[in-house]
Amino acid sequence: MSAAQGGPRHEVDVAGLPPGAAYRWLTASVVPRPVAWVSTTSADGVDNLAPHSFFTVASADPPVVCFTSVGTKDTLRNVRATGELVVCLAPRGLSDAVNATATDYPPGTSEFDAVGLAREPSARVRPPRVAGSPLALECRSAGERSFGRSTVVFAEVVHVAVAPGVLAADGLPDPRRLDPASRLGRHEWGALGEVYDLRRVPYADLR
């Protein structure tokens, strides 16, 4: 039996997939994915808000996060125009609102207003935070890299704003209290689920 206990593996030649199929394989395979709920402000002053589930940390020092824009959307246009953005945590309690901000509203529409989300002023950048999000990373653009229709946006974190109720005893955010939503494949979303500790063992302790 294979590692998956289901017999021989199903083999997929990516080069032979029809257009768009590789994307569906990736989103169904790379799970769960945290959601970057990205706030930007256009050069004309319109606040944009959109979720991006291709999101992770790119650098520890300097602190840089990154997300991918599939196609040239308002988020990418605004980052290019202003160089500023806020990455808000997408909590499970606001999943419906996060999903609603993914709607393809016409240019010039603020998702904050369309969905009915309260803004909160940022400390270091112009785009507002989502008032209902427990954690926000205020960022400035640190460049981008394009692959076909997809563009990876790198953003240096210049300020962190966090609700005190989600902090653990060590002063850092507690994942259980953050209660983040995550994206899976298809139309599926996920919650945090079980959290367990697994500490690394130094090599010196193995000898």
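What follows is calculated from the coordinates using simple rules that are stated; it is not laboratory data. What you see is a predicted model, and the numbers here were worked out from it, not measured in a lab. Here Cβ is always computed from backbone atoms with ideal geometry, including for glycine, and neighbour counts include all displayed protein chains.
Brief remarks follow.
- Based on Cα contacts under 8 Å between residues 6+ apart, the chain shows a relative contact order of 22 percent.
- Euclidean distance of C-alpha centroids, region 65-83 and region 122-198, integer Å: 16 Å
- Each residue, Thr56 and Ala28, gets one label point 7 Å from its Cα in the Cβ direction; the gap between the two is 2.1 nm.
- P(r) weight above 24 Å for region 79-207, C-alpha pairs, percent: 43 percent
- Taking each DSSP H run with n ≥ 4 as -39500 (n - 2.57) and averaging over every residue of the chain yields -4000 deg cm²/dmol at 222 nm.
- Protection-proxy order for peptides 87-94, 126-133, each taking the mean of Cβ atoms within 10 Å per residue, highest first: 87-94, 126-133
- Dipole in debye (nearest 20) - region 7-128, about Cα centre, beta carbon charges: Lys, Arg +1; Asp, Glu -1: 200 debye
- Taking the Cα centre of region 40-95 as origin and assigning +1 to Lys and Arg Cβ atoms and -1 to Asp and Glu Cβ atoms, the resulting dipole is close to 200 debye.
- The value given for region 17-144 is a Kirkwood hydrodynamic radius of 15.1 Å, derived from the mean inverse Cα-Cα separation.
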